[in-house]
Structure formats: structure tokens, C-alpha cells
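Here the structure is laid out as C-alpha cells; the discussion comes afterwards.
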Amino acid sequence: MTKEESVSIARQLESGRKYAEARGWEVVGEFIDDGVSATVNRPEDRKGWAALLAAGKFDAVVIWKVDRLARRVLDFLHADEALQTRGAGLVAVEDPIDMTSPQGRAFAVMLAVFGEMEAEGIRARVRAARAHLIKDGRFVGGGIPYGYRSTENPDGPGRVLEKDPERIGWLGEAVRLAQHGETVNAIATWLTAQEAPLPVRRKARLDPENRAWNRQTVEQLLRNPILAGMTPHNPGRAKSDKRADPFAVVRDEHGAPVIDESLALLTYEEFEQLQHSLDSRDSPQARKRSERKPTSAFLSRAVLCDDCDVFLYRGTNQKQPVLYCPRCRQTIGRSRLDSHLVDRLLAERGDEPRAGSTVRERWDAAGANELIRREILLSQTATLRVRRGVIGRYFDSERVLLEWLPSALSVEKSERPDDALVVVMSA
Ligand SMILES: [Zn+2]
């Protein structure tokens, strides 16, 4: 224990004692919890807390701050419940928390719930503001999709998207070929042979003599929700992740996609059908994926159904690997879910320490071993749940509720001190 930490723990204990004294309570015990384990473990898994619960009779537990005891509302409530069954309550020196009275308890629970709701509320407001701009037909930034261009908004401020007459015909042809079952490779070959103009940015950056289309570019076009007049929206995705999620689109307050008919080449149903046929296309890659993923143990007993609180099972749906809930039957496609989780794990948690090196190095060392990969993922997650999608089994990143454990890196940086628990008897 460093000197700084000892001072800090002493200060916590001292404050706890003063608090007890001010309320006329007698201190009957003091417990100290290891700081690092406290950030990652629920209170009931911590030594100090367990020792406290095993101790003799007491009426209240004084803690320094609530976030020292529990990082999540549920953990906090569990801790409180454990004390309640012993007829004791929790108070915090630094927070307006007093669980020793019914009013204090109701207030504390409200504070905790609002704290969690606030984060979700901010995300929802950003979504709503974007949806509003798009409903007005405004272009809200990001890359301009192939076949379109931005222009001054004739009805007000800002810019709007419109069809690009030079390219929209090629986009329409590519879509029609795909709808008739041509492979992405065949469409790329056809566009090259026809000397169809390439996407603007790509043409500028690359060798101007190179007129070849590739399958990635074509697949991106065919998967862009703009084909149905929708606006792609991938909140929280790493910038390096260029793969679009065809159903992560801007939605209105009722969850329905916001659609601009003037930009659409397909109806929503036609777009959905096109995505389905791209997903299940019998390319070697697709076939290999569907053979491999159903048996993949990577997400075995790892993802909870957000509605039912049970683990999702592995299975297949229309020959595609999926996870499904044995209770409510909600289903989510596996290929995109798996890569979404892996991308986020490596992008957001790659530098976290893991078994003497880092998550990223451990991941690379794990190779194709699904069980080790699973261990690495689960070692970082606090919450991994999936909620029902609007459109069947289709993957949508908004369906994935993923929270990481507190970062060990930030714990090291802030030199988080240990936690003191002062146990008191009321007078
Ligand atoms: Zn369920």
C-alpha cells in the first residue's frame, strides 16, 4: 500500500467515525476492502463486505461514497438488500444517501435510477435531433453515398442529398443485377467492363488509370440503407470500422426508420429482401461462415436476453448462425454480432492488461480457439445483453447492450484508494 493510499483510507475511516459520532452512533467495527477488486467485483464478492455481513449485530454501515461500493444500480440494491435482511441500513458520508429510513431509501433508489437513465436520455436526444434534421430532408454529414450528391437546401439552411444524375443509373443497374441473383463479384466485373464511373473519393485518391471496381465497393453500395431512402446511423462505432450495418438507421421517436422517398430506389421490403439475399448468398465465404459459426462456442452462455434474463442459445435460422432466446424466441444473426463484438473488444479494450500482457495480444495468441476468445471477451464485460429488434433476426448494433468493466488502466492512473467500511450501532 502506498503512503498516499494509507492517508486516504485513514481519512475515509476518520470521516466515517465523525459521521457516526455526529449521529450518536457507536462504532462496533471497521472493514477495509481492496480497492482494485472493488472496481470489478460486486459488493458480495468482496472480502471486506463479506466479513462485514458475517460480523455480529449492527444497525448501519457507513461508507465513503456509493460508487466505492457498487458501480451499478443493481449491485447497489443487492448490497442494500443484504443489509436490510439483517435489519441494517447504509449511509454514505459524501453522498446524500441514507438507507436507514424508508424516505432515505426511496430517495437513494431514485437517484441511482436517474443516474443510469441520464446516459440513455442523452443518447436518445441525439438520435431525435438527427431524425428531426433528416425528416426535414437535411443532410447531416458523413460520407456521401455513391449515386448521390449534396446540394444547397432549397427550403432553408444547410444542405440536402439528391440523386447524382451521372451515377444514379449505375447504382440502379447494380441493384437490379443483385436482385436478379448476380454475385457481387459478377456485378463488379460488369461495372468495370461498362466503365461505370467509380465512387468520387476513391477515384481521386487512387491511380486515375485504374478503372476497376472491386467486390467490397459493390457490396457497400448494395448494403447502404440510402437505397431505401434511409440514413445510416451507427452510434458508438469505431471510426476504423467501415462496415455498414444495413439496419442501423436513423429512426423516429416510435422506432420506425425515417425514409426520404425522393432518394429511394427500393421500397423498405425490397431493401430487406436484398440484404437477406446478400447474407445468404452461396459465395465460398458465406458458405464457410455458415458451416463454422453454428458450432462456434465463442458466445456460448455469454449473452443474456434483455427481456427474459436467460442466456441466448446457439442455433441456425434459415441456414444462418444465430443466437436465440429459449423463452421469448427473439433471434439475432451471429455473423455480424460476432464481428461487432470482436471489433469493439479490440478497439475499446485492446490495451487493457490481461494475463501479463494485453487483451489484444492475448486475443492474437488465442488464434481460432473459441473458448479462449470467449474467456477474453467475458473478462472485459460487465453487461452483455441483446434486445428485440424491429426486423426479425437482423443484426442492428442498437440491439446490443454492451458495457465494459471499469478500465484497469484508469484505475491505475487515478490510484484509486481502498474503501473503508465503518460499521456502527445506533445509540
Ligand atoms: Zn427472451
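To the nearest 0.05, what FRET efficiency results for E173 and E361 with a Förster distance of 35 Å applied to their C-beta separation? Efficiency, from the Cβ-Cβ distance: 0.15.
So how much slack lies between D343 and E269, counting 0.36 nm per residue of separation and subtracting their Cα-Cα distance, in nm?
Details: separation 74, 0.36 × 74 = 26.64 nm, distance 2.91 nm.
Extra length from D343 to E269 when fully extended: 23.7 nm.
The simple spin-label model puts a point 7 Å past each Cα toward its Cβ; for H180 and T316 those points are separated by 3.1 nm. Can you work out the FRET efficiency for the pair R23 and C308, with r the C-beta to C-beta distance and R0 = 60 Å, to the nearest 0.05? For R0 = 60 Å, the calculated efficiency reads 0.90.
Relative to the present Cα-Cα distance, how much length would full extension add between T383 and R327 at 0.36 nm per residue of separation?
18.2 nm
Semi-axis lengths, largest first, of the ellipsoid equivalent to the stretch 304-404 are 26, 14, 12 Å, with √(5λ) applied to each eigenvalue of the Cα gyration tensor. You can think of it this way: the chain between H276 and A368 has 30.4 nm of extra reach, that is 0.36 nm per residue less the Cα-Cα gap.
Work out the FRET efficiency for V109 and A50 from their Cβ-Cβ distance, taking R0 = 22 Å, and round it to the nearest 0.05. So the FRET efficiency works out to roughly 0.40.
No value in this document is a laboratory result; all are computed from the given coordinates. Model, not experiment: these values are computed from the prediction. Positions of Cβ are backbone-derived with ideal geometry, glycine not excepted, and every protein chain shown enters the neighbour counts.
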